[in-house]
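Trainee: Quick one: the structure is below, questions incoming.
The values are calculated or read from the model by the stated rules, or taken from the named source; none is laboratory data. If you're wondering where the values come from, they're calculated on a predicted model, not measured in any experiment. Glycine also receives a Cβ, built like all others from the backbone with ideal geometry; neighbour counts cover every protein chain displayed.
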Amino acid sequence: MATFHFDLVSPEMVAFSGEVDQVDIPGAEGDFGVLAGHAPVVAVIRPGILTVTTGGSQQKIVVLGGIAEVSDKGLTVLADVATAAADIDMQNFAETITTMEQQLPGKVGDELDKSIERLDHYKSIQHQLSTTAMH
Amino acid sequence: MASLKDMRVRIASTKATQKITKAMQMVAASKLRRAQTAAEAARPYAEKMDSVISNIAGAAAGPGAPVLLAGTGKDQVHLLLVCTGERGLSGAFNSSIVRLARERAYALMNQGKEVKFFCVGRKGYEQLRRTFDKQIIENVELRSVRQLGFVNAEDIAKKVIARFNNGEFDVCTLFYSRFKSVISQVPTAQQLIPLQVEAPAAGAVATSYEYEPEEDEILSSLLPRNLAVQIFRALLENNASFYGAQMSAMDNATRNAGDMIRKQTLIYNRTRQAMITKELIEIISGAEAI
């Protein structure tokens, strides 16, 4: 299977860099998978779980928003925050969600909509992480 | 002439100073290593961000482009975003950034432009306040921040953008010190608003991307982010530069103290010897007189 180059960078570090078979990205307008030879695309990503497939093994990385760029050179994901799913501190994550919930009443209009959307994304990440952790 | 006791005290105090500068040098060296790693880790993101933006900007240029990219169309009011350190004792680090900003400010004012300052870091604020007190519109101190995070840069970017949206300035330039090596830090000016996009190399075929969602939507969320990223990078580079400058300044100070101690000890020994000789002469001539 053809591979392509994939870079996952966040402001603080390079979280992943190497040749991969497939990457599934949580796009803002729906999930999509990237294989070698994908058409050039620039897409905004929502907070979610990014799955990297290399030679049959899968790696899950939690990204909290950002942007993905596919060009002929490969895939680049600029993530606001990128953490391997295994390294996520569930308790900490739950606390973040609680704080976000508490801040909701103070917001209005567009900002409120955005916060609710973001909160939903976070909750779905939490749900996915806690269900996979049981396996 | 100073007595022997005075000299002893002075030597002891120089030695104490040398111990302090030596310790500061070592602390700076160990902090530098961490700051340097952080600065280097942030580079790929900023570079990728640049290339993505210049790709999209090429497609979105023209009328209706976001103001953060295209500017307000005027360049009457300039905002100088000056990032310096929070502490001194670092050689020319802070003053070289301030000097660059000040020169730019005078050049702009001579052209009849209005100049405003946004200071990040206490040292730069203190130096600029002497000459440009009324023009400093905001001052952010990062003294209480232990570990520089992206949030700090985001806060600054938000303030800048809020002022830009209020129409308080047309052009924003960032001043910081680029970390080249431990002994060389280059004060740098970088224009942030309107964003300077590198023109694609001649002959290169621009990739035509599909956008999801639309270009302008992506661009409008990406541009403020890019501002934060550039500021974040400047802060990290500044941090590394600061420790580099402090390290070499303290190294110099330690060496100077060593030189002083050697000179003072020499004078001390010479004086002591002279006194002994004088006392001997007195004893001998006293004995001869009898």
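Trainee: Scan segment B:124-179 for residues that are of a type in the set (D, E) and farther than 30 Å from B:E40 by Cα and report the count.
Mentor: Adding up the residues that qualify gives 3.
Trainee: Residue check: is B:Q25 farther than 19 Å from B:C172 by Cα, part of a helix (DSSP H, G or I), in contact with a strand residue (DSSP E or B) (Cβ under 9 Å, 6 or more places away or on another chain) and not small (G, A, S)?
Mentor: no
Trainee: With respect to the numbered conditions (1) surrounded by fewer than 14 Cβ atoms within 10 Å (Cβ to Cβ); (2) outside any loop (DSSP other than H, G, I, E, B); (3) not aromatic (F, W, Y), which one is the sole condition not fulfilled by B:G167?
Mentor: Just one mismatch for B:G167, condition (2).
Trainee: Next question. Within segment A:1-13, how many residues are surrounded by fewer than 17 Cβ atoms within 10 Å (Cβ to Cβ) and within 12 Å of chain B (Cβ to nearest Cβ)?
Mentor: Count: 1.
Trainee: Separate question: If I filter segment A:47-65 for residues that are buried (at least 22 other Cβ atoms within 10 Å of the Cβ) and within 12 Å of another protein chain (Cβ to nearest Cβ), do I get at least one hit?
Mentor: no
Trainee: Got a sec? Which of B:I183, B:I267, B:I261, B:I276 is at pLDDT below 90, away from every other protein chain (no Cβ under 14 Å) and out of contact with any Phe, Trp or Tyr (no Cβ under 7 Å at 6 or more places or on another chain)?
Mentor: B:I183
Trainee: Do we find a residue being touching a helix residue (DSSP H, G or I) at 6+ places or on another chain (Cβ under 6 Å), closer than 30 Å to B:R262 by Cβ, of a type in the set (A, V, I, L, M) and part of a helix (DSSP H, G or I) anywhere in segment B:35-51?
Mentor: No; the residues of segment B:35-51 include none that is touching a helix residue (DSSP H, G or I) at 6+ places or on another chain (Cβ under 6 Å), closer than 30 Å to B:R262 by Cβ, of a type in the set (A, V, I, L, M) and part of a helix (DSSP H, G or I).
Trainee: Does any residue of segment B:209-216 turn out to be under 30 Å from A:V41 (Cα atoms), in contact with an Asp or Glu (Cβ under 6 Å, 6 or more places away or on another chain) and outside any loop (DSSP other than H, G, I, E, B)?
Mentor: Scanning segment B:209-216, I find at least one residue that is under 30 Å from A:V41 (Cα atoms), in contact with an Asp or Glu (Cβ under 6 Å, 6 or more places away or on another chain) and outside any loop (DSSP other than H, G, I, E, B), so the answer is yes.
Trainee: Keeping to segment B:10-25, report how many residues are exposed (fewer than 13 other Cβ atoms within 10 Å of the Cβ) and either modelled with pLDDT under 95 or not aliphatic (A, V, I, L, M) (or both).
Mentor: Number satisfying all stated conditions: 2.
Trainee: Spot the failing condition for A:P47; the list is (1) without any contact (Cβ under 8 Å) to a residue 60 or more places away in the chain; (2) under 23 Å from A:L129 (Cβ atoms); (3) in contact with a strand residue (DSSP E or B) (Cβ under 8 Å, 6 or more places away or on another chain), and only one is missed.
Mentor: The one condition A:P47 does not meet is (1).
Residues are listed down the side, and each one gets a yes or a no for (1) free of Cβ contacts under 8 Å to residues at least 60 places away in the same chain; (2) farther than 30 Å from B:V145 by Cα; (3) more than 14 Å from every other protein chain (Cβ to nearest Cβ):
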{"residue": "B:A46", "(1), (2), (3)": "no, no, no"}
{"residue": "B:V77", "(1), (2), (3)": "no, yes, yes"}
{"residue": "B:G91", "(1), (2), (3)": "no, no, yes"}
{"residue": "B:S95", "(1), (2), (3)": "yes, no, yes"}
{"residue": "B:L108", "(1), (2), (3)": "yes, yes, yes"}
{"residue": "B:K113", "(1), (2), (3)": "yes, yes, yes"}
{"residue": "B:K123", "(1), (2), (3)": "yes, no, yes"}
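Trainee: Also: Given the conditions (1) of a type outside the set (K, R); (2) within 14 Å of chain A (Cβ to nearest Cβ); (3) not in a helix (DSSP H, G or I), report the number of the one that B:N152 does not fulfil.
Mentor: If we test B:N152 against (1) of a type outside the set (K, R); (2) within 14 Å of chain A (Cβ to nearest Cβ); (3) not in a helix (DSSP H, G or I), just (3) comes out false.
Trainee: Here is a check on your reading of the model: is B:F175 farther than 20 Å from B:A234 by Cα and surrounded by 12 or more Cβ atoms within 10 Å (Cβ to Cβ)?
Mentor: Criteria not met by B:F175.
Trainee: Looking at segment A:16-37, which of its residues are surrounded by 15 or more Cβ atoms within 10 Å (Cβ to Cβ) and at the interface with another protein chain (Cβ under 10 Å from one of its Cβ atoms)?
Mentor: A:G27, A:A28, A:F32
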